[in-house]
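Derivation of every value follows stated rules applied to the coordinates shown; laboratory data play no part. It should be emphasised that the depicted structure is a prediction, and the values quoted were computed from it without experimental measurement. Positions of Cβ are backbone-derived with ideal geometry, glycine not excepted, and every protein chain shown enters the neighbour counts.
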Amino acid sequence: MELKGIAQVIRLGWWLLIVSALGGLLVAGGLTYLTTPLYSSSTKLFVSTAASADTSAAYQGNLFSQQRVASYADLLTGEQLAARVVDELGLALTPAQVAAKVQATALPDTVILRVDVTDTDAARAHDIAASLGRHFTEQVSLLETPAGGDASTVKVTTVQEADLNPAPISPDRTSNLGLGLVLGLLAGVGLAVLRIRLDNTVKTPQDVLAATGSTVIGTVLEDPELARDHLVADLDRHSLSSEAYRSIRTNLQFLDVDHPPRVIVVSSSVPSEGKSTLAVNISTVLAQSGSRVCLIEADLRRPRVTKYIGLISGAGLTNVLAGDAAFHEVAQPWGDGRLTVLAAGPMPPNPSEMLGSAQMRTLLGQLREQNDFVIIDAPPLLPVTDAAVLSVHSDGCLLSARHGHVRQAELSEAAQALARIDARLLGVVLNRVPMATGAARGYGYSYEPDPDRATLKPRAKSRGASARSHAHPQSPGTSPLRAVGSGR
C-alpha cells in the first residue's frame with residue numbers, strides 16, 4: 001500500500017484503530033486473567049563415569065557418558081520414576097500426570113541433564129524436581145551396576161539443586177498485552193481498509209465527478225451551528241459556513257457568464273442531505289449581493305423553508321396554483337425586501353401534478369420577469385418526481401450531496417433522472433464535510449474581521465418599520481398576511 005493510501009486509512013479509520021487496539025488489550029488482559037498461572041522449578045544433573053588415570057580411557061568414558069545422557073532424558077520423563085515421586089511426596093496425582101509435568105533436556109556436547117518441572121503450584125513444582133533428582137540418581141546407580149559388581153560404572157551428581165521460583169512463568173502479562181495491542185492494531189487496519197474498500201458513499205469531488213459527470217461547485221463543512229440555526233449566511237455572520245455559501249453564489253453566477261441560470265431548482269438524491277438549508281442560504285447571499293430573489297418552498301410534502309427562515313407557513317404556493325390567492329397576497333418579504341419567500345401552503349392531494357401544471361409554468365415565467373433569481377426548494381429526486389418536473393421549467397438543478405450519506409449509485413441515478421428529461425445539472429454542493437477529511441482541505445481557513453474596526457451601522461428606521469423588518473417585513477404594495485389568513 002502506498003504512503004498516500006496508508007495516510008487515508010489512518011485519517012478515515014483512526015477511530016477503528018483506537019477501538020481495535022483497546023479491544024485487543026481487553027481481550028489479552030481478560031485471557032491473561034483467566035489463564036491459570038504456571039510455575040517452574042529446574043535442576044541440573046551431571047553424568048560421569050568411574051575415574052581413570054589413562055587419558056584414552058577417560059576420553060572413552062566421556063563419550064560413553066554423552067551417549068548415556070540421551071537415554072537418561074527418557075528415563076526422567078517416564079512413569080516408573082514418576083510413580084516413585086508420587087509415593088514419596090504423597091501426591092494426589094497419577095504417575096502419568098506427574099510425568100507430563102517433566103521436561104528433560106540433554107545440553108548439547110555436554111554430560112549435563114537439565115530437568116524442568118512445570119506445575120500450577122510453585123512449591124509442588126520444587127518438590128517434584130528435587131524428588132526426581134534423588135530417585136533418578138538411585139535408579140541410574142542400579143541400572144549401571146554390573147551383575148555381581150558392587151559399584152556403578154556411572155555416577156549422577158546434582159550440580160544445581162531444584163529452585164523454588166515464586167514468580168509464574170506463564171502467563172507473561174507484558175508479552176500478552178503487547179501482543180494483544182499489536183493484533184488489535186492490525187485488526188483495526190484491516191477493518192479500516194475493508195471499510196474504505198466497501199464504502200460506496202460520496203466523499204470527494206472525484207466521487208461526484210464519477211457519479212454525475214459534473215463538478216463540485218461548493219463545499220460546506222460540518223458546522224454545529226447549522227443544526228441549531230439553518231440560516232447562517234446573513235450579514236452579521238463571518239463563519240466558514242457563511243463564506244462557503246457566498247463562494248457557491250459566486251460560482252453559480254459564473255457558470256455561464258453570458259446567460260447565468262436565473263431559475264434554479266435545489267434538490268438532492270435522497271432525504272436529509274441539507275437541500276433546504278442550501279436553498280435558504282443561497283437565496284440569502286444572492287439577496288445580499290443586491291439581487292432581487294424569490295425563494296419558493298416547493299417541497300409540498302415536507303416543507304422546511306419557512307421554519308428555517310422564521311416565516312409564516314399557512315398560505316402559499318398551493319393557494320396561488322389553485323387560484324385561491326394572488327402571489328402578492330401570500331408572498332412574504334424577508335430582510336430588506338430584496339428576498340421574497342413563497343411558502344408551500346396547504347398539502348395538496350396531487351403535488352407532482354400541481355407542480356407540473358400550466359399554472360406553475362406561468363408563475364415561474366412571471367417571477368423570472370420580476371426577479372433576478374428564483375430559487376426553488378424541491379423534494380429529493382429519487383423518492384418523487386417533483387424536482388424533475390420543476391427542473392424542466394427551470395434553468396437547471398443544483399444538487400446537494402451529503403458527505404458520507406448518499407451513495408454514489410444514488411447520486412448517479414439522480415443525475416441520470418435529470419438527463420433523461422433533458423434537464424440541466426448545474427453542479428453539486430458537497431454538504432456537511434468533516435474538517436478532518438481530504439475533501440475539506442483548503443476550506444479550513446478563516447479571515448475574521450478586525451474586532452477594533454468600526455462597523456457600518458444601518459440607517460435609523462421608524463419604530464414601525466423596524467418592527468416589520470424583524471418580524472415579517474412587507475414590500476411596498478403587498479397585503480398583510482394576517483388579512484389572507486383571516487379571509488379578509
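Taking the C-alpha atoms of region 39-160, how large are the radius of gyration and the largest Cα-Cα span, Dmax, in Å?
15.1, 50
Only counting other Cβ atoms within 10 Å, I'd like Trp334, Trp14 sorted with the fewest neighbours first.
Starting with the residue having the fewest Cβ neighbours, the order is Trp14, Trp334.
Distance from the Cα centre of region 84-158 to that of region 200-279, in angstrom?
83 Å
Which of the peptides 415-425, 36-46 is most tightly packed, and how do the rest follow, judged by the mean count of other Cβ atoms within 10 Å per residue?
The most tightly packed comes first, giving 36-46, 415-425.
Could you tell me whether region 140-299 comes out rounded, prolate or oblate from its Cα gyration tensor? Rule is a ≥ b ≥ c as square roots of the eigenvalues, rounded for a/c under 1.5, then prolate if a/b exceeds b/c, otherwise oblate.
The shape class here is prolate.
Place a label point 7 angstrom from the Cα of Arg262 along the Cα-to-Cβ direction, then list the residues of region 280-316 whose backbone nitrogen is under 14 Å away.
291-294
Percent of Cα-Cα pairs more than 23 Å apart in region 283-424, please.
Counting every Cα pair in region 283-424, those more than 23 Å apart make up 34 percent.
What ranking do 25-35, 336-346 get when scored by the average of other Cβ atoms within 10 Å per residue, highest first?
Values: 25-35: 13.8, 336-346: 21.8.
My ranking of the peptides, most packed first, is 336-346, 25-35.
Over region 39-160, what is the relative contact order in whole percent, taking alpha-carbon pairs under 8 Å and six or more residues apart?
RCO, region 39-160: 39 percent.
Work out the FRET efficiency for Val27 and Ser141 from their Cβ-Cβ distance, taking R0 = 60 Å, and round it to the nearest 0.05.
0.70
List His230, His403 from most exposed to least, where exposure is judged by having the fewest other Cβ atoms within 10 Å.
The most exposed by this proxy come first: His230, His403.
Working out 0.36 nm times the residue gap between Ile169 and Arg301, then minus their Cα-Cα distance, what length gain in nm do you get to one decimal?
Going from the current span to full extension adds 40.5 nm.
With no solvent and one point on each alpha carbon, what is the Debye value of log10 I(q)/I(0) for region 205-343 at q = 0.10, 0.13, 0.18 Å⁻¹?
-0.35, -0.60, -1.13
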